[in-house]
Amino acid sequence: MPKINDEQREERRSQILEAAWNCFHRYGIHSTTMEDIIKESKLSAGAMYRYFKGKDDIIFEAIRGSLTDLGAVLGPVVESESSAGPAEFVGQVVEAIAKYSKRNDFHLSSLAVHGWSEAQRNEAVRVMVRDFYLLFRERVRARVTHWQKAGVVAKNVSPDEMAMTLQSLILGFVVQSAVTRDADPRKQARGLAGLMDSNP
């Protein structure tokens, strides 16, 4: 049997994880079987188990890889020193999420919901997802303090509370993308701007 180099090994892993995402979208995470993933990947069972111990291992790595990629996409948006205020910022973030999530055969927002469901039964997944969101929230918090220094946000606003609220709006966009499927980044930004400008 010919030896496989590191690049080929990584390609095989990616092939398996992509097959897993396709199956998760089609059948749901819990209903997908190893046989489904093997068939979708067009690899042998022996090849599959050389890379992953089993379905839970594939689920963990699929979610981890997705969060890593998403973090890389959102990093430049969150850490940008642009003059965008909260509403425009949320619009930029959800637009980046929408572009990242769009695939030829499915939308990753629906798989995010599956991932949140998996986090309720799998402690390792829950901790990984929690840590990702807490890190993202901390980066948003830093953005809030930047707005306060620039006079965009009042100094009596709690950066922690505002970061938590903005994160909720962003996650709500993901839910709408998966369920109602009518989420629009520009509409969300305009809606938030209107909400912030409205008088009680």
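Just so you know, all these numbers are worked out from the coordinates, no wet-lab data involved. Bear in mind the structure is a predicted one, so any value in this text is a computation, not a measurement. Using ideal geometry, Cβ is built from the backbone for each residue, glycine included, and neighbour counts are taken over all protein chains shown.
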Legend entry - Prolate/oblate/rounded label for region 86-148 (Cα gyration tensor, a/c 1.5): oblate
Legend entry - Gain upon complete extension [E35, Y100; 0.36 nm per residue less C-alpha separation]: 20.6 nm
Legend entry - Distance histogram for the chain (every C-alpha pair counted, 5 angstrom bins, percent rounded to whole numbers): 1, 7, 14, 17, 17, 14, 10, 8, 5, 4, 2, 1, 0, 0, 0
Inset, instruction - For region 1-136, compute the number of Lys pairs whose alpha carbons are separated by less than 19 Å, excluding pairs fewer than 8 positions apart on the same chain. - result: 4
Legend entry - Three semi-axes of the equivalent ellipsoid, region 1-52, Cα gyration tensor, whole Å, largest first: 22, 11, 7
Legend entry - region 1-52 - percent relative contact order, Cα under 8 Å, separation 6 or more: 34 percent
Legend entry - Least to most buried among T68, T165, T32 (fewest other Cβ within 10 Å first): T68, T165, T32
Legend entry - A154 versus V127: modelled label distance in nm, points set 7 Å from Cα along the beta carbon direction: 4.1 nm
Legend entry - Mean Cα-pair separation over length for the chain, i.e. relative contact order, pairs under 8 Å, 6 or more apart, %: 22 percent
Inset, instruction - May I ask for log10 I(q)/I(0) of region 7-115 at q = 0.13, 0.16, 0.17, 0.22 Å⁻¹, from a Debye sum over the Cα atoms as equal point scatterers with solvent left out? - result: -0.55, -0.75, -0.82, -1.16
Legend entry - Linear extension gain, E7 paired with L195, 0.36 nm per residue minus alpha-carbon span: 62.7 nm
Inset, instruction - Considering Cα pairs under 8 angstrom that are at least six residues apart, work out the relative contact order of region 105-200 and quote it in whole percent. - result: 29 percent
Legend entry - Phi to ³J(HN,Hα) by Karplus 6.51 cos²θ - 1.76 cosθ + 1.60 over region 120-136, Hz, x for Gly, Pro: 7, 10, 10, 4, 5, 5, 4, 5, 4, 5, 4, 4, 4, 5, 5, 5, 4
